[in-house]
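Here the structure is laid out as structure tokens; the discussion comes afterwards.
The values are calculated or read from the model by the stated rules, or taken from the named source; none is laboratory data. In this text, all values refer to a predicted model and were calculated from it rather than measured experimentally. Note: ideal-geometry Cβ built from the backbone for every residue, glycine included; neighbour counts use all protein chains shown. To get the accessible areas, we keep the full protein, side chains included, count just its heavy atoms, and leave off ligands, DNA and RNA. Shrake-Rupley method; radii C 1.70, N 1.55, O 1.52, S 1.80 Å.
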Amino acid sequence: MTTAFASPSTYVQGKNLLDTAANYIKPYGNNGLLLTDEIVWGLVGEKFYKTLTDAGLDIEHVTFNGESSPEEIDRIKKIGESSNAKFVISLGGGKTNDTTKAVGDQLKIPVVIVPTLASNDSPCTRLSVIYSENGEFLKYIFYDKNPDLVLVDSSVIAGAPVKFLIDGMADALSTNVEAQTVARARETTLLPLQTQQTAAGLALAEKCEELLFKYGNQAVTAAKNHQVTPALEHIIEANTLLSGVGAESSGLAAAHSFQNGLTALSGDVHKMSNGQKVSFGTLLNLVLEGASDATLEKYLKFEHDLGLPTTLKDLHLEDASDEDLMKVAQLTTQKGETIHNMGFKVTADDVFEGIKAVDTFAKKFEGIE
């Protein structure tokens, strides 16, 4: 058995961290690119840029056009080549991060990720999700290494709408559920190395879940009021570092496959965030592996209290036909999906029945039926 663990070279988190970010970036060189979209530029980007340049760094601001597409990656790569950039910084959300990682990989220069939301775990992973210029999913790109530096300013995260923190918590909640599934099945992880889990990777997934249940309510209350508290710091770490490294080094199973399966349908379901879709998938993962009533109710309560989707109606699929749900089930179980890490054969019919079971049990739990 060969095991592997991967993580960013350095992860730093704290209040008002952007004010001193230059101290952590300077070791990578004296000139680089700062990639951020127009909205983030207006909120925190311009101030961050000035902080870096006042500290003596030569920074070229590049406006991100909004899509992590091959064309956008190539455009920014050429800017980096012409300026002989020594590093590239992402300031923004998931697609900004993914584009920055791709540019850094192609230019063979250090990647610095500065997330402005704790809504996903992309800052710490060694992969990018690539879309067409029109926003259609194209492929995943896996890299030889994770980002060199991740800087998380908790005051910036606290300043964002709380819904983004909750989205991140929903995604993070799947981390240990899927990690434990993969552990029991002794399947390979998300790393492109065909390796199995280390004890360290599994421990991070477990810690991620522990923090969510221990500090989640406090953190959401603080974030609603844009307050930085120890509880919020714990949840930011869970959403960003522990979820990212835990999932990548421990593996995925049914929860994320279900999210991918939803692309079989059109409509309002796609107004839901990644975390919202995964939250239902987490419950599906538990049902498929035969979780006890107490276990399923534990996760249901957590998601229900956060206002996350636990029923088909919550996903805007209350009118979905059995034929539509079977399309989702078939795409969820297509070849190459991580649902095949469950440790036993999972068919489209199993997933169809599981989706129905989650919906029925959740409605009963919530007193709808």
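Key figures for this structure:
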{"quantity": "Residue satisfying all of: in the stretch 126-167; over 16 Å from the mean Cα position of the chain (by Cα) and among the small types (Gly, Ala, Ser); most open to solvent (accessible area, probe 1.4 Å) among these", "calculated": "Gly159"}
{"quantity": "Selection count, the stretch 99-108, where residues are touching a helix residue (DSSP H, G or I) at 6+ places or on another chain (Cβ under 8 Å) and open to solvent by 20 Å² or more (accessible area, probe 1.4 Å)", "calculated": "2"}
{"quantity": "Selected residue [open to solvent by less than 10 Å² (accessible area, probe 1.4 Å) and within 30 Å of Gln194 (Cα to Cα)] from Gly343, Gly281", "calculated": "Gly281"}
{"quantity": "Only one of Asp153, Asp144, Asp121 that is modelled with pLDDT of 95 or more and acidic (Asp, Glu)", "calculated": "Asp153"}
{"quantity": "Evaluation of Thr181 against (1) in contact with a Ser or Thr (Cβ under 7 Å, 6 or more places away or on another chain); (2) open to solvent by less than 20 Å² (accessible area, probe 1.4 Å); (3) within 23 Å of Pro309 (Cβ to Cβ) (one fails), failing number", "calculated": "(1)"}
{"quantity": "Any hit, the stretch 152-159, residues being over 30 Å from Pro27 (Cα atoms) and of a type outside the set (Ser, Thr, Tyr)", "calculated": "no"}
{"quantity": "Total residues in the stretch 205-218, condition over 18 Å from the mean Cα position of the chain (by Cα) and touching a residue at least 40 places away in the same chain (Cβ under 8 Å)", "calculated": "2"}
{"quantity": "Residues of the stretch 121-143 classified as hydroxyl-bearing (Ser, Thr, Tyr) and in a loop (DSSP other than H, G, I, E, B), total", "calculated": "3"}
{"quantity": "Residue in the stretch 49-56 that is modelled with pLDDT of 95 or more, surrounded by 21 or more Cβ atoms within 10 Å (Cβ to Cβ) and of a type in the set (Val, Ile, Thr) present", "calculated": "no"}
{"quantity": "Inter-residue pairs, beta-carbon under 9 Å, first touching a residue at least 24 places away in the same chain (Cβ under 8 Å) and within 12 Å of Ile109 (Cβ to Cβ) and in the stretch 74-87, second polar (S, T, N, Q) and surrounded by fewer than 22 Cβ atoms within 10 Å (Cβ to Cβ), 6+ apart", "calculated": "Lys77/Gln106; Gly80/Gln106; Ser83/Asn31; Asn84/Asn31; Ala85/Asn31; Lys86/Asn30; Lys86/Asn31; Phe87/Asn31"}
{"quantity": "Whichever residue in the stretch 70-86 is under 17 Å from Thr36 (Cβ atoms) and in contact with an Asp or Glu (Cβ under 8 Å, 6 or more places away or on another chain) and, among such residues, is surrounded by the most Cβ atoms within 10 Å (Cβ to Cβ)", "calculated": "Ala85"}
{"quantity": "Single residue of the stretch 5-17 satisfying the filter (open to solvent by 20 Å² or more (accessible area, probe 1.4 Å) and not charged (D, E, K, R)) that is farthest from Gly251 (Cα to Cα)", "calculated": "Asn16"}
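Here is a yes/no grid of residues against (1) among the acidic types (Asp, Glu); (2) in contact with a strand residue (DSSP E or B) (Cβ under 6 Å, 6 or more places away or on another chain); (3) surrounded by fewer than 24 Cβ atoms within 10 Å (Cβ to Cβ); (4) farther than 30 Å from Ala22 by Cβ:
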site	(1), (2), (3), (4)
Gln196	no, yes, yes, yes
Ala205	no, no, no, yes
Lys214	no, no, yes, yes
Ala219	no, no, no, no
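Residue-wise test of (1) exposed (fewer than 15 other Cβ atoms within 10 Å of the Cβ); (2) out of contact with any Ser or Thr (no Cβ under 8 Å at 6 or more places or on another chain); (3) under 16 Å from Leu173 (Cα atoms).
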residue: Met272; (1), (2), (3): no, yes, no
residue: Asn285; (1), (2), (3): no, no, yes
residue: Gly290; (1), (2), (3): yes, yes, no
residue: Thr295; (1), (2), (3): yes, yes, yes
residue: Leu300; (1), (2), (3): no, no, yes
residue: Glu323; (1), (2), (3): yes, yes, no
residue: Ile339; (1), (2), (3): no, no, no
